[in-house]
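Undergrad: I am attaching a structure below and will ask some questions about it afterwards.
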Amino acid sequence: MSSDDVSEAQAPGTTLVSDGPVRWERACLLTDLFPERGAAALFGDVQVALFRLAEDPADPVQAGQVYAVQNLDPFSGAHVMSRGIVGTRAGVPTVAAPVYKQVFSLLTGECLVAADKTPKGDLPADLVTYPVEIRDGVVHVGLP
Amino acid sequence: MVNSGGSQHLVVIGGGMVAQRLVEALRARDDAGRYHVTVFAEEPRAPYDRVGLTRWFEDGPEGIALGDPALWADPYVTLHTDRKIESIDREAKTVTDRLGHVHAYDELVLATGSSAAMPPIPGNDLPGVFVYRTIDDVAALRGWVEQKRKSYPEGKPVRGAVIGGGLLGLEAAGALTALDAQATVIEFGTHLMGVQVDLGGGQALKRLINGKGIGVRAETATSQMKPHRRTGHVGRLDFADGGRLDVDVVVVATGVRPRDELARAAGLPVGERGGAVVDLSCRTEDPHIWAVGEVACIEGRCIGLVAPGNTMAEVVVDRLLGGLAEFPGADTATKLKLSGVDVASFGDAHARTEDAVEVVWADPVAGVYKKLVLSDDARTLLGGVFVGDAGPYASLRPMLGAELPGDDPSAFLLPEGGGGAPNLELPDEANVCSCNNVSAGAIRGAVTEHQCTDVPGVKACTRAGTTCGACLPLVKKLVDTELERAGIEVSTALCEHFDMSRAQLFDAVRVADLHSFSDIVARFGTPVVGSRGCDICKPVVASVLASLGNGHILAGEQSTLQDTNDHMLANLQKDGTYSVVPRMPGGEVTPEGLIVVGQVAKDFGLYTKITGGQRIDMFGARVEQLPDIWRRLVDAGFESGHAYGKSLRTVKSCVGSTWCRYGVQDSVGMAVELELRYRGLRSPHKLKMGVSGCARECAEARGKDVGVIATDKGWNIYVGGNGGQTPRHAKLLAEDLTSEELLRTIDRFLMYYVRTADRLQRTAPWIEEVDGGLEGVREVIMEDSLGICADLDAAMARHVENYEDEWKAVLEDPEKLRRFSSFVNAPKDADPSLAYVEERGQRRPATAEERASGVVIAGPKLEVRA
């Protein structure tokens, strides 16, 4: 893919709720991410799951967007959220944990379907979300 | 046993079906734990379904298991098997068992049942004369027949006779036939099943039974049984009319006697023809002693049917808990299948009511006899007899004593579709399930008040149909009608993105010739903006596309649909690593192959374990290691084992005739052929198969979705078995097939399943849902009743032709390999959170406690030899 394609694929900037100052880290090229699947990124000890949604002419708001949540699956304790299936529930983009199939909102990290399970140890059921910005075809993640 | 402080001790003598029901009912109702119950069974086993004794031949002990075995693990329940009670001391309120142990009781229930009666025919003690009552009787009968067969030259049949043509006698004749012995039923009365059916029905029954190869001699008294001159075993029956019959085995089934000896010895009143006398509360003369089931003499008689026994058990439980229930009178309605022949009767089957009118419909050619007994105005239903077609029984029996709608009662007897019988609207109080005493109203209530939306739900809620199952068609009809009335549409929708079931979607995709998720969701998805599927429908569509042959599962858009196991072509484990399973067809592996697997596991630090499917699983492989591991395996000739897929897993085999002394066919060869034929076939759920080389069944093939067992003439095929939470034994589909016929049968069975089963539905529940059950499946794939066999054959041929090893294809494609990165910004870095400890010479994931206490021996990175 040429660099022109990359800039064309640039999605509108996304800013998610975050308290305090944000340290922006470079994750990868947008084209490194497979549409409609996740990938993990490593920043020191912090693992982040990135999801690039498919282009969808019928849905200009979320289509092509990149979302970031914690890679730690609270229900299994394993760092696997990036390997879940993405989808929608009532129009909300979601990811399903690959171990025990809980469903989380990619917008807020909220656990929408607990599937009769409780989180492991004292982990919160909801996922931490991270702001994402695409600058010149490069995915940046905002870490606290 | 729980601390019984404060609770009373209930002792039940006898471990039969009614005892089981009593304990079950007590534990269901006694929430407060008022009673601790101890059951003393004479037989060395927990209660079993005595009515289904014949099934023991085919399905073994589990075929006649009764209720939930967890009942006997309840802390408020103690079961002593092989522990006959010898005496009751009413003064001291104790019982003494055969070991001399004394047990105190607060309340005592006699549930000792009956013993088989042995008429005083000379020679009734000869070896080879049996009764038919317990598992031990049936096992002894089988042993004897097999012994006799072995002593005879090949082909000479074992000749059996059954004395007694009642329900039990016909069951016993069926058992002899199942053992491949000849059977002749000797009946003293005018016709078979004289208690339940009238002469016309008995004659129809005789023709049908004859058709099953069972002989019948009615109006015949047996005068003596004579020993064989040489062996001293029973060898001949002499009849009062001068006739004779040579026999090798005799089963006596002339009736039962209540086991009332304990009651007699304890001084309790017994009936004229035996049985402990009880009142309508099932209480004996002693206020703390009760009697239920066949030993109870209630309303002046003992009743040898399980349904009234169960009712008595419920009455006693209600009384023990302070209720005022009374025995409502015996429902002696009977419906059963004898050697495949339907027989049913209810109410006044013999038209003994004064001025009763009989309406008979008989078709001697088809072997059908149906009769209704009506009041003199031909309106009120008094009874009925059905032989050969018990269809109307389920809906008519609950109308007993009620007026039939319509002008012509004979309309109810016409063959289905031939008469237009008026729809029966059962009154709420009509008893639908007589085994569990469930009324039509209770079933309606389960739908309207307890929000049950299907038959399994209603069964769980009301227990209707959970014992003999004869009423299930009626239950289904009631449930459907009630759902319709309540405006509840039972949804088969996959998820919010598709209104269709998996089977509907499969057909739609196949017929519309679609090949991508986008096209499928655009064409068949629900019209909602932004509905790009979800974790439910995506894997279903992935499976459908794979079953229809759409290339590699990681090609293009298909890759976005796969669950992580299919996406990584490996099995996700709890710590986020994967396990790797190369295929070893039929469980066969060369020494060179074993060395490669061992070396790979050693080099990558993988934990190894032998699976239940006869191959080797290597655990602890990280995403970024998978291609390197598989390159080594593929180079050594291994291919994907599809352990990660909803697809064929393994074909387990025993070593078969090539090595085994007993094997009659090459089971390994067949297993390898099957595994190579069906490898990679994507299905609604995982599929397992097994092939055994002889009837000893070392491959446990009957625990598989498809089980093949060698015979000396070919192969028997069994379908619908599985292990897991609800284990099922596979059922016989066809016998003595050639290898070619076997492959064709399995081809069609699998393809039909792949096309029509629901999401994540294994073969056993699928078969149950196919119209007509196993018989229905047989008709579709062996008789081509739907005309789809050529299509199924072609689909399987395409699958076999297009198979490719998924892992080999991944290794050859850099774009697919790119998926196997640990981190998008550090593709070869190991997940830093992994931690392991050593156990029994291998490593395993560290527990949370081990991580905290710092005993972890290794992080994710192990020295790996390049």
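Undergrad: Sticking with the crude label model, points 7 Å out along Cα→Cβ, report the distance from B:ARG798 to B:ARG229 in nm, one decimal please.
TA: 7.2
Undergrad: Any chance you could run the full-extension gain for B:ILE595 through B:ASP241? It's 0.36 nm times the residue separation minus the Cα-Cα distance, nm to one decimal. Show your work: numbers first, answer last.
TA: Values: separation 354, 0.36 × 354 = 127.44 nm, distance 7.74 nm.
Once the chain is fully extended between B:ILE595 and B:ASP241, it gains 119.7 nm.
Undergrad: Tell me the chymotrypsin sites (Phe, Trp or Tyr not before Pro) within region B:583-683 that lie in a loop according to DSSP and have at most 13 other beta-carbon atoms within 10 Å.
TA: For chymotrypsin sites (Phe, Trp or Tyr not before Pro) across region B:583-683 that sit outside H, G, I, E and B with at most 13 neighbouring Cβ atoms in 10 Å, the list reads B:TRP659, B:TYR662.
Undergrad: Give me the net charge for the shell around B:GLN504: Cβ to Cβ below 12 angstrom, other residues only, Lys and Arg +1, Asp and Glu -1.
TA: So the surrounding residues net to +1.
Undergrad: Note down the magnitude of the dipole of region B:651-804 about its Cα centre, charges +1 on Lys and Arg C-beta and -1 on Asp and Glu C-beta and zero elsewhere, to the nearest 20 debye.
TA: On the way: 20 positive and 24 negative charges, 148 e Å.
That gives region B:651-804 a dipole magnitude of about 700 debye.
Undergrad: Taking the Cβ of B:ASP342 as the center, what net charge do the other residues with Cβ under 11 Å away carry, scoring Lys and Arg +1 and Asp and Glu -1?
TA: Values: positive: B:LYS335, B:LYS337, B:LYS370; negative: B:ASP389.
Combined, the nearby Lys, Arg, Asp and Glu give +2.
Undergrad: Let me ask something else. Restricting to bridges with both residues inside chain B, how much of the DSSP beta-bridge set is antiparallel, in percent to the nearest 5?
TA: Counting DSSP beta bridges with both partners in chain B, the antiparallel share is about 65 percent.
Undergrad: Based on the Cβ-Cβ distance of B:GLN147 and B:ALA265, what FRET efficiency does E = 1/(1 + (r/R0)^6) give at R0 = 41 Å, to the nearest 0.05? Could you put the intermediate results ahead of the total?
TA: Numbers: r = 38 Å, r/R0 = 0.93.
Between B:GLN147 and B:ALA265 the formula returns 0.60.
Undergrad: If you take the C-alpha gyration tensor of region B:502-562, multiply each eigenvalue by 5 and take the square root, what semi-axes do you get, largest first, in whole Å?
TA: Three semi-axes, in Å: 16, 14, 10.
Undergrad: In bins 5 Å wide, starting from 0, what share of all Cα pairs of region A:48-144 does each bin hold, as a percent?
TA: Reading upward from the zero bin: 3, 14, 25, 25, 17, 10, 5, 2, 0.
Undergrad: Which residue, A:SER105, A:VAL132, A:ALA40, has the largest displacement toward the positive end of the dipole of region A:23-143 when charges sit on each Cβ (Lys, Arg +1; Asp, Glu -1)?
TA: A:ALA40
Undergrad: At 20 °C and a viscosity of 1.002 mPa s, what translational diffusion coefficient does Stokes-Einstein give for region B:656-701, taking Rh as the Kirkwood radius over Cα pairs? Give it in µm²/s as a whole number.
TA: 188
Undergrad: Want the number for B:VAL360 to B:ASP68: 0.36 nm per residue separation, take away the alpha-carbon distance, what's left?
TA: So the chain would gain 100.9 nm between B:VAL360 and B:ASP68.
Undergrad: Excluding B:HIS9 itself, calculate the net charge of residues whose Cβ lies under 9 Å from the Cβ of B:HIS9, where each Lys or Arg counts +1 and each Asp or Glu counts -1. Don't skip to the end; give the middle numbers.
TA: Numbers: positive: none; negative: B:ASP106, B:GLU107.
Net local charge, B:HIS9 excluded: -2.
Undergrad: Please compute the modelled spin-label separation between B:ASP712 and B:GLU403, points set 7 Å along Cα→Cβ, answer in nm with one decimal.
TA: So the two model labels end up 6.7 nm from each other.
Undergrad: Of B:HIS80, B:HIS36, which has the most accessible area and how do the rest follow, probe 1.4 Å?
TA: Result, largest first: B:HIS80, B:HIS36.
Undergrad: I've got another one for you. Over region B:129-254, what number does the Rg to Rh ratio reach, with both radii from the alpha-carbon atoms and Rh per Kirkwood?
TA: My calculation of the ratio gives 0.96.
Undergrad: Counting only residues 5 or more places away or on other chains, whose amide H sits under 5 Å from the amide H of B:SER87 once H atoms are built in the peptide plane?
TA: Distant-sequence amide H within range of B:SER87: B:THR96.
Undergrad: For a 21 Å ceiling on Cα separation, which of these pairs sit above it: B:LYS206/B:LYS337; B:LYS609/B:LYS816; A:LYS101/B:LYS646; B:LYS150/B:LYS206?
TA: B:LYS609/B:LYS816; B:LYS150/B:LYS206
Undergrad: Of the DSSP beta bridges with both residues in the protein assembly as shown, give the percent that are antiparallel, rounding to the nearest 5.
TA: Expressed as a percentage, antiparallel bridges in the protein assembly as shown total about 70.
Undergrad: Computing the accessible area with a 1.4 Å probe over protein heavy atoms, can you report the carbon and sulfur percentage for the protein assembly as shown?
TA: It is 50 percent, rounded to a whole number.
Undergrad: Let me ask something else about it. Tabulate in residue order the Karplus-calculated ³J(HN,Hα) for region B:59-76, using 6.51 cos²θ - 1.76 cosθ + 1.60 with θ = phi - 60°, rounded to whole Hz; enter x for Gly and Pro.
TA: Ordered by residue, 3J(HN,Hα) equals 10, x, x, 5, x, 10, 4, 10, x, 8, x, 4, 3, 7, 9, 4, x, 8 Hz.
Undergrad: Determine the shielding of peptide B:824-835 by partner chains: average, over its residues, the number of Cβ atoms on other chains within 10 angstrom of each Cβ.
TA: 5
Undergrad: Another one. Compute the label zone of B:ALA826 within region A:21-44: residues whose backbone N is under 12 Å from the point 7 Å along Cα-to-Cβ.
TA: Zone members listed by number: A:41-44.
Undergrad: Turning to a different aspect of this structure: Calculate the spin-label point distance for A:VAL138 paired with B:ARG696, positioning each point 7 Å from the Cα along the beta-carbon direction, and give it in nanometres.
TA: So the two model labels end up 7.1 nm from each other.
Undergrad: Let me ask something else. For the protein assembly as shown, with only Lys/Arg (+1) and Asp/Glu (-1) charged at the beta-carbon, what is the dipole magnitude about the Cα centre, in debye rounded to 20? Don't skip to the end; give the middle numbers.
TA: Numbers: 104 positive and 138 negative charges, 582 e Å.
That gives a dipole near 2800 debye.
Undergrad: Average partner chain C-beta neighbours within 10 Å, per residue of B:535-543?
TA: What the average comes to for B:535-543 is 3.
Undergrad: Using only helices, what value at 222 nm comes out for chain B when you add -39,500 (n - 2.57) per DSSP H run of length 4 or more and divide by the total residues, to the nearest 500 deg cm²/dmol?
TA: The helix contribution divided over chain B gives -8500 deg cm²/dmol.
Undergrad: Here is a follow-up. What is the distance in Å between the Cα centroid of region B:365-389 and that of region B:28-56?
TA: 37
Undergrad: Work out the FRET efficiency for B:LEU199 and B:GLU326 from their Cβ-Cβ distance, taking R0 = 35 Å, and round it to the nearest 0.05. Walk me through the numbers on the way to the answer.
TA: Working: r = 36 Å, r/R0 = 1.02.
Once rounded, the FRET efficiency stands at 0.45.
Undergrad: In debye, nearest 20, what is the charge dipole magnitude of chain B about its Cα centre with +1 on Lys and Arg Cβ and -1 on Asp and Glu Cβ, if you could check? Before the final figure, lay out the partial values.
TA: Details: 94 positive and 120 negative charges, 512 e Å.
The dipole of chain B has a size of about 2460 debye.
Undergrad: May I ask for the distance between the Cα centers of region B:612-651 and region B:314-336, given as a whole number of Å?
TA: Distance between centres, Cα-based: 59 Å.
Undergrad: For the protein assembly as shown, with every protein chain kept in place, what is the accessible area per residue (1.4 Å probe, Å²)?
TA: That works out to 44 Å² for each residue.
Undergrad: Note the buried accessible area between A and B here, summed over both chains, with a 1.4 Å probe, in Å² to the nearest 100.
TA: On the way: alone 7690 and 39310 Å², together 44000 Å².
For A against B, buried area totals roughly 3000 Å².
Undergrad: Ok, one more. Between region B:93-121 and region B:444-461, what is the separation of their alpha carbon centroids in Å?
TA: Centre-to-centre (Cα) distance: 39 Å.
Undergrad: Could you calculate the FRET efficiency of B:ARG840 with B:GLU775 from 1/(1 + (r/R0)^6), where r is the beta carbon distance between them and R0 is 56 Å, rounded to 0.05?
TA: Efficiency for this residue pair is about 0.65.
Undergrad: Pull up all non-local amide H partners of B:GLY383: gap of 5 or more, or a different chain, and H-to-H distance under 5 Å with H placed in the peptide plane.
TA: B:ASP348, B:VAL373
Undergrad: Stretch B:ASP635-B:ARG29 to full length: gain in nm at 0.36 nm per residue minus the Cα-Cα span?
TA: That works out to 211.7 nm of additional length.
Undergrad: Would you kindly calculate the mean projected area, averaged across all directions, of the convex hull enclosing the Cα atoms of region B:651-804, in square nanometres?
TA: On the way: hull surface 34.7 nm².
For region B:651-804, averaging the hull's shadow over all directions gives 8.7 nm².
Undergrad: Check A:GLY84: other-chain or 5+ apart residues with amide H under 5 Å from its amide H, H built from backbone geometry?
TA: none
The values are calculated or read from the model by the stated rules, or taken from the named source; none is laboratory data. As the structure is a computational prediction, the values presented were derived from the model and not from experiment. Here Cβ is always computed from backbone atoms with ideal geometry, including for glycine, and neighbour counts include all displayed protein chains. To get the accessible areas, we keep the full protein, side chains included, count just its heavy atoms, and leave off ligands, DNA and RNA. Shrake-Rupley method; radii C 1.70, N 1.55, O 1.52, S 1.80 Å.
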